[in-house]
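Engineer: Supplied in structure tokens, the structure appears directly below.
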Ligand code: F6R
């Protein structure tokens, strides 16, 4: 793992965006794996700036998001589809048909999960995967467990994840309790992975991910087995390293 400690959130975002942009410059039809949440918002802002300055062109880029809440529609302003459209897709020249997000309303979830993985495969796999990390060490919505879940699947969110996500909802009852998430295998198959984290509330998870044993109790720790992971963290998230 390559660990880059930066001063603050803006630097973290710029560094991650620059790595992604350089991948796209080298391979204009790059396949990006994308995350949502608070952490990557700055990365999307930086990528939009790079696009506006004509430094990067998304016209042949294809994207796959890690996860989506289960049981809410695409146009719900809490869905990850909505988040991606508002915070990234509508600001750059990505073609809509090249953006993929698990369907959070699909009745036959198993079939949808399988076909999501098939489509990633048809595109040649993910070139660069951006990851945030939960305070409990989750990546995507692969929650702490007694085993790693390999395949894209329906997840019951842990209470601490529901609580952490409740900041975006009016009441805790409104927070979806299930999500569809790319599994550990699909994440680990990405050719390159960038894990970003900022703030003191991520310090423990970052420490366990990097310094302790690989365990499904800390899903992100599996990244120690990947050959090309760059961890970009601000000073606070790095404070226990
Ligand atoms: C969301 C995702 C999650 C988040 C994690 C951190 O697509 O993959 O694993 O990255 O929950 O969320 P924030 O960035 O809001 O702290």
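Just so you know, all these numbers are worked out from the coordinates, no wet-lab data involved. Worth saying up front: this structure is predicted, and the values here are computed from it rather than measured. Quick reminder, even Gly has a Cβ in these numbers, built from the backbone with ideal geometry, and neighbours come from all protein chains shown.
Engineer: Highest first, please rank the peptides 160-168, 197-205 by the mean number of other Cβ atoms sitting within 10 Å of their residues.
Structural biologist: 197-205, 160-168
Engineer: Report, in deg cm²/dmol and to the nearest 500, the calculated mean residue ellipticity at 222 nm for the chain, where each DSSP H run with n ≥ 4 adds -39500 (n - 2.57) and the sum is divided by the residue count.
Structural biologist: My calculation for the chain gives -9000 deg cm²/dmol from helical runs alone.
Engineer: Suppose a student asked you for the relative contact order of segment 158-241, using Cα pairs under 8 Å spaced at least 6 residues apart; what percent would you report?
Structural biologist: 31
Engineer: Would you mind calculating the relative contact order of segment 70-199 from Cα pairs under 8 angstrom and at least 6 residues apart, reporting the percent as a whole number?
Structural biologist: Rounded, it is 30 percent for segment 70-199.
Engineer: Mind running the shape call on the chain? Use the C-alpha gyration tensor, a ≥ b ≥ c as the square roots of the eigenvalues: rounded below 1.5 for a/c, prolate if a/b tops b/c, oblate otherwise.
Structural biologist: Taking the square roots of the gyration eigenvalues as a ≥ b ≥ c, the chain is rounded.
Engineer: Cut-off 10 angstrom, C-alpha nodes, Gaussian network model of the chain. Which of 138, 226, 153 fluctuates the most?
Structural biologist: Among 138, 226, 153, the largest mean-square fluctuation in the Gaussian network model of the chain belongs to 226.
Engineer: Continuing with this model, one more query. Report for the chain the percent antiparallel among DSSP-assigned beta bridges with both residues inside it, nearest 5.
Structural biologist: Here the share of antiparallel DSSP bridges comes out near 30 percent.
Engineer: Between 228, 146, 110, where does the largest GNM mean-square fluctuation fall for the chain, given springs only between Cα atoms within less than 10 Å?
Structural biologist: Most flexible of the set in this elastic network: 146.
Engineer: What is segment 70-147 by shape, rounded, prolate or oblate, if you read a ≥ b ≥ c off the alpha carbon gyration tensor as root eigenvalues and call it rounded for a/c under 1.5, prolate for a/b larger than b/c, and oblate otherwise?
Structural biologist: Rounded.
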